[in-house]
Amino acid sequence: MSSTKLNRLTRWGSAALALSLVPGCSTSPGARATADTAQSVEWKSQTHESSKDKAPPPAPVEAGPAQEETEAAPTVGAVMYEKAEASDAKADVAMPSPKQAPAKGGAVAYPERRREAVERKPAEPMVDALAGAPAAPTTPPPPPARSLPPPGNTAMQPEPPSQGNSFTHHAANAFTETAKDRFSTFAVDVDTASYAVSRRYLNQGALPPHAAVRVEEFVNYFKYRYTPPEQGAFTVHLEGAPSPFNASRQFVRVGVQGKIVSRSQRKPAHLVFLVDTSGSMSQQDKLPLAKEAMKLAVKNLNENDTVAIVTYAGNTRDVLSPTPATNLEAIYKAIDTLESGGGTAMGSGMQMAYKHAVKKASGNAVARVVVLTDGDANIGPNVSADAMLNSIQGYVKEGVTLSAIGFGMGNYRDDLMEKLANKGNGNCFYIDSYKEAKKVFETQLTGTLEVIAKDVKIQVEFDPKMVSRYRLVGYENRDIADKDFRDDKVDAGEIGAGHSVTAVYEVELTGEKAPLGTVRIRAKAPNGTEAAEQAFPFEQRMMRATLDGASADFRFALAVAATADVLRGSPSAQGWNLATVQKLAEGAVEGQADREEFTKLVARARGLLGSSMARDGR
């Protein structure tokens with residue numbers, strides 16, 4: 001063969017080789033499949049970068065310094081879940097349209113916020129991109145060195161990258177004309193997670209996202225001096241005083257105090273700790289803190305109590321069978337063996353934990369599942385709250401209750417944790433420190449464990465002759481239709497031993513001198529099926545002529561509710577001055593450490609709001 005022909009064949013062969021390397025140009029099925037796979041891998045590896053344009057901007061108008069520093073460099077923690085995530089998880093995350101233009105100051109102009117003065121929109125799930133949380137790593141942190149899994153255990157699956165904190169947005173209650181609707185009906189809520197989460201944001205130098213702030217959880221974080229009932233499950237305390245923000249309005253407070261049960265009187269408890277040991281729990285403020293919290297809880301249990309431990313990661317493991325709480329050595333040893341690594345199969349773990357708990361459920365004992373997690377359920381057959389709770393609904397009906405305890409930041413699923421607590425007839429806490437762990441598992445343990453009343457509903461009936469307009473500050477996600485107040489099939493909230501529930505209303509009075517209305521409470525006994533109802537008149541004498549004349553508890557509760565309303569960007573709180581709120585709170589501290597801490601948080605929020613406004617040229 002001549003050298004000319006050889007060179008020509010060589011050139012054609014090189015061209016054919018080059019074409020074969022271009023996706024879609026090869027005639028070989030195997031080569032095409034390989035190229036298509038390469039394309040798919042390349043697309044997925046770029047998903048986080050390309051989706052940064054689709055992720056919602058931080059919710060608060062007043063972004064803190066920590067937010068400003070990170071705006072130029074989005075991380076994996078600042079983006080939405082990928083399409084490859086389980087379909088149930090998608091329901092918990094919603095993505096605003098990329099066409100939405102930021103309002104002045106960088107806030108997203110959510111449509112529901114423009115309309116919420118005249119109507120309430122359904123809850124809208126949101127994702128907090130960063131909002132002052134520690135930046136999530138672009139790759140999952142390597143799990144600490146650990147021993148091989150026991151025989152029979154399947155290999156751990158790697159933990160996917162964290163996806164950012166997610167919260168559900170609820171539009172603030174608007175004012176209601178009393179002549180059109182005199183009834184305000186809602187389920188009680190004793191959760192406190194929102195306050196602890198927001199406190200962490202503020203302590204890190206950033207404002208919490210609007211959706212992270214739930215007014216009722218701020219207010220109910222604190223203890224008030226309500227007289228406990230002499231008989232029955234609870235008493236009601238009513239008080240009102242002029243608004244410090246608007247001379248034509250008043251605030252009224254509805255306080256419910258549950259009966260107190262001493263540690264020695266508490267029913268025997270069977271706790272099943274369901275512990276997330278996935279790779280995302282490796283940080284110091286997650287699994288290590290959760291282990292300390294469990295030890296605190298166990299140390300404060302009684303001799304008749306028992307403890308079991310179930311873990312979930314890429315698989316589910318029975319770590320400790322039911323063990324007497326007095327056997328601290330065995331329980332602590334089991335807790336110390338817990339190490340992080342793998343995915344997050346929460347659904348299957350929940351099934352196993354409830355199967356343990358239901359064996360002890362009875363009218364004479366407490367059976368409770370205590371979930372300790374960052375809430376990031378991304379592997380397993382049941383990943384949404386609805387799916388998981390549907391699968392264990394039978395256990396819930398048999399009396400098993402649930403405590404959802406959240407840890408950490410970066411991929412915290414507040415929306416999931418709240419749903420689990422609500423549907424599991426339990427409560428939701430967030431633990432950001434050893435101090436908070438002591439509060440939940442030591443100081444409040446009896447109330448956390450023992451339910452004294454379930455399906456507790458409150459209905460306030462305002463007299464149109466006395467109250468022209470009103471709005472309930474908070475409880476948007478606990479709203480109940482007025483017609484369902486006496487429908488005992490409708491689920492509501494639970495109250496634990498010694499717990500109090502406080503609700504704050506902003507009202508406009510007509511000037512008449514008569515009772516404002518009536519407060520009714522309807523609830524079932526812990527194991528009952530029919531509810532009992534009590535009514536309490538809201539008499540004129542309960543209204544104070546001046547704010548200074550109101551009790552310290554009233555003034556502090558008002559300060560807390562007002563702060564939360566400002567932080568969540570409520571339209572009704574526009575123009576409210578946090579300097580006024582801070583002064584109000586400082587005058588009602590009365591030597592309580594939690595209240596003193598709150599006043600410092602208000603001062604910090606004022607600084608963040610001020611610096612944000614200055615940066616935006618306001």
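The values are calculated or read from the model by the stated rules, or taken from the named source; none is laboratory data. Bear in mind the structure is a predicted one, so any value in this text is a computation, not a measurement. Virtual Cβ from ideal backbone geometry, glycine too; neighbours counted across all protein chains shown. Note: areas computed on protein heavy atoms with side chains; ligands, DNA, RNA excluded. Shrake-Rupley method; radii C 1.70, N 1.55, O 1.52, S 1.80 Å.
In table form, for the structure just shown:
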quantity: Interatomic Cα distance distribution for region 245-382, bins of 10 angstrom, percent; calculated: 12, 37, 27, 13, 7, 4, 0
quantity: Largest-first ellipsoid semi-axes for region 543-591, taking √(5λ) over the Cα gyration tensor eigenvalues, angstrom; calculated: 20, 12, 9
quantity: FRET efficiency, Lys180 to Ser362 (Cβ-Cβ, R0 56 Å, nearest 0.05); calculated: 0.75
quantity: Peptides 588-601, 562-575 ordered by average Cβ neighbours within 10 Å, highest first; calculated: 562-575, 588-601
quantity: Rg/Rh ratio calculated on Cα atoms of region 519-566 (Kirkwood radius); calculated: 1.17
quantity: Along each principal axis, Cα extent of region 412-485, largest first, Å; calculated: 50, 27, 22
quantity: Net charge contributed by nearby residues that have their C-beta within less than 14 Å of Ala562 (K/R +1, D/E -1); calculated: +3
quantity: Residues in region 258-285 reached by a label modelled at Asn302 [backbone nitrogen below 13 Å; 7 Å Cα→Cβ]; calculated: 261-270
quantity: Inverse mean reciprocal Cα-Cα distance (Kirkwood Rh) of region 469-618, Å; calculated: 18.4
quantity: Rg ratio (alpha-carbon, reference 2.2 N^0.38 Å) - region 536-617; calculated: 1.25
quantity: nm² value of the averaged projected area, convex hull over the Cα atoms of region 573-613; calculated: 2.9
quantity: Distance histogram for region 383-433 (every C-alpha pair counted, 5 angstrom bins, percent rounded to whole numbers); calculated: 4, 22, 29, 23, 13, 6, 3, 0
quantity: Scaled radius of gyration (Cα, divided by 2.2 N^0.38 Å) that region 304-346 gives; calculated: 1.25
quantity: Heavy-atom surface of region 495-574, accessible at 1.4 Å and reported per residue (Å²); calculated: 37
quantity: Too-long pairs where the Cα-Cα distance tops 21 Å, listed order kept, from Lys180/Lys465; Lys223/Lys295; Lys223/Lys259; Lys223/Lys397; Lys180/Lys483; calculated: Lys223/Lys295; Lys223/Lys397
quantity: Contact order relative to length of region 297-450, as percent, for alpha carbon pairs under 8 angstrom and 6 or more apart; calculated: 19
quantity: Calculated FRET value between Gln284 and Ser321, using beta carbons and R₀ = 22 Å, to 0.05; calculated: 0.15
quantity: Ordering of 269-281, 545-557 by packing [mean C-beta count within 10 Å, highest first]; calculated: 269-281, 545-557
quantity: Computed lengthening from Leu328 to Gln265, 0.36 nm per intervening residue step minus Cα-Cα distance; calculated: 20.5 nm
quantity: Translational diffusion coefficient (Stokes-Einstein; Kirkwood radius from C-alpha pairs) of region 171-215 at 25 °C, 0.890 mPa s, in µm²/s; calculated: 188
quantity: Volume in Å³ per residue [convex hull over Cα atoms, computed for region 184-288]; calculated: 214
